[in-house]
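Inspection log for the structure reproduced underneath, given as C-alpha cells.
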C-alpha cells in the first residue's frame, strides 16, 4: 500500500503572508509547483496559497503587485501525515475540495502532497495490477 511519504515532496516552497500574489506566483512558476505553504509565526498552523487563488485574483481584476498572500490564502488548511495511505489523503482532498495537502510531522511542515503526486504514485501500481490481470 502506497503511503503519503512515498508520494510527497519533502522540498517545500514557502512564502510569508506579506508576500504579494505576484511574488508568490513567480516563485511557484520558478519551481514548477502549484502551491506554496504560507508560514506565519502569528498563525496556529500553516496556510497554503494555490494557483486557483491567484487565478481568482486575476479574474477579479485585482493588482497582483498590491494584493497580499494573507488575503487570498486558505487558512483552514487540510493537512496529512506521512504514514497515511494515499487513499486517505485523496479522500481528504475530496472532502476539503483541495488539490494540495500540507504534510505535517507534529507541528512541523514535512512536505506537500498534490493530487498529481498521488496519481503518479498509483500509476505504477495500476500498471502492475493490469500486467497481473487484476482489475482495479
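None of the figures in this text is laboratory data; all of them are computed from the coordinates on show. In this text the structure is predicted, and so the values were computed from the model without any measurement. Quick reminder, even Gly has a Cβ in these numbers, built from the backbone with ideal geometry, and neighbours come from all protein chains shown.
Remarks
- Entry for percent of Cα pairs over 17 Å apart (calculated from the structure that is shown) out of [x] 74; [y] 69; [z] 60: [z]
- Label zone at residue 20, where the point sits 7 Å out along the Cα-to-Cβ direction: region 62-80 residues whose backbone N lies under 12 Å: 63-69
- Label point 7 Å beyond Cα of residue 59 along Cβ direction - residues of region 83-118 with amide nitrogen under 18 Å: 97-100
- Degrees between helix 86-96 axis and first principal axis of the chain (Cα, 0 to 90, nearest 10): 40 degrees
- Cβ-Cβ FRET estimate between residue 39 and residue 115, R0 fixed at 22 Å, reported to 0.05: 0.45
- Three-way shape call for region 1-52 based on the alpha-carbon gyration tensor, with the a/c threshold at 1.5: oblate
- The helix-based estimate of mean residue ellipticity at 222 nm for the chain, built from -39,500 (n - 2.57) per DSSP H run of four or more residues and divided by its residue count, is -11500 deg cm²/dmol to the nearest 500.
- Between 0 and 90 degrees, the angle of helix 21-31 with respect to the longest Cα principal axis of the chain falls at about 40 degrees.
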